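Quick notes on the structure that follows.
The values are calculated or read from the model by the stated rules, or taken from the named source; none is laboratory data. The structure presented is a predicted model; accordingly, all values stated were derived computationally and were not measured. Here the Cβ positions follow ideal geometry from the backbone for every residue, glycine too, while neighbour counts run over all protein chains shown. Note: accessible area is taken over every heavy atom of the protein model, side chains too, but ligands, DNA and RNA are not part of it. Shrake-Rupley method; radii C 1.70, N 1.55, O 1.52, S 1.80 Å.
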Amino acid sequence: MAGALRAVLCVAGAALSVYALHVEHQAAKDPSYRAACDLGPSVSCTRVFSSRWGRGLGLVELVVGRESALNVPNGAIGLLFYLLQGLLG
């Protein structure tokens, strides 16, 4: 039972991480893009994913700079985390 629950949570987390990457990519291509998770001007996942806090957990930029290859989107970090959880858990 616990293994099935872990698998479901890992798939859901990986799917949300891929969606976050999609939203960030689309927002970079088209500044007028609005994702399904944008509920209003004060509740906007597009704005968060495109902000400093949407890459490197908001902390990596302070250490290595904005343009560093280590400053990856949070969706990529999440995808790696959930894939490893699913494979190793």
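Look at Leu21 and say whether it is in contact (Cβ under 8 Å) with a residue 40 or more places away in the chain, open to solvent by 80 Å² or more (accessible area, probe 1.4 Å), in a helix (DSSP H, G or I) and in contact with a helix residue (DSSP H, G or I) (Cβ under 7 Å, 6 or more places away or on another chain).
no
Kindly establish whether Val8 is in contact (Cβ under 8 Å) with a residue 60 or more places away in the chain, closer than 28 Å to Gly89 by Cα and part of a helix (DSSP H, G or I). So that I can check it myself, show each step before the final result.
Values: in contact (Cβ under 8 Å) with a residue 60 or more places away in the chain: no; closer than 28 Å to Gly89 by Cα: yes; part of a helix (DSSP H, G or I): yes.
No: the conditions fail for Val8.
Only one of Ser44, Ser32 is more than 24 Å from Leu83 (Cβ to Cβ), of a type in the set (Ser, Thr, Tyr) and surrounded by fewer than 13 Cβ atoms within 10 Å (Cβ to Cβ). Can you tell me which?
Only one candidate passes the filter, namely Ser32.
Mind checking whether some residue in the stretch 60-77 is without any contact (Cβ under 8 Å) to a residue 24 or more places away in the chain and on the phi > 0 side of the Ramachandran plot?
Yes.
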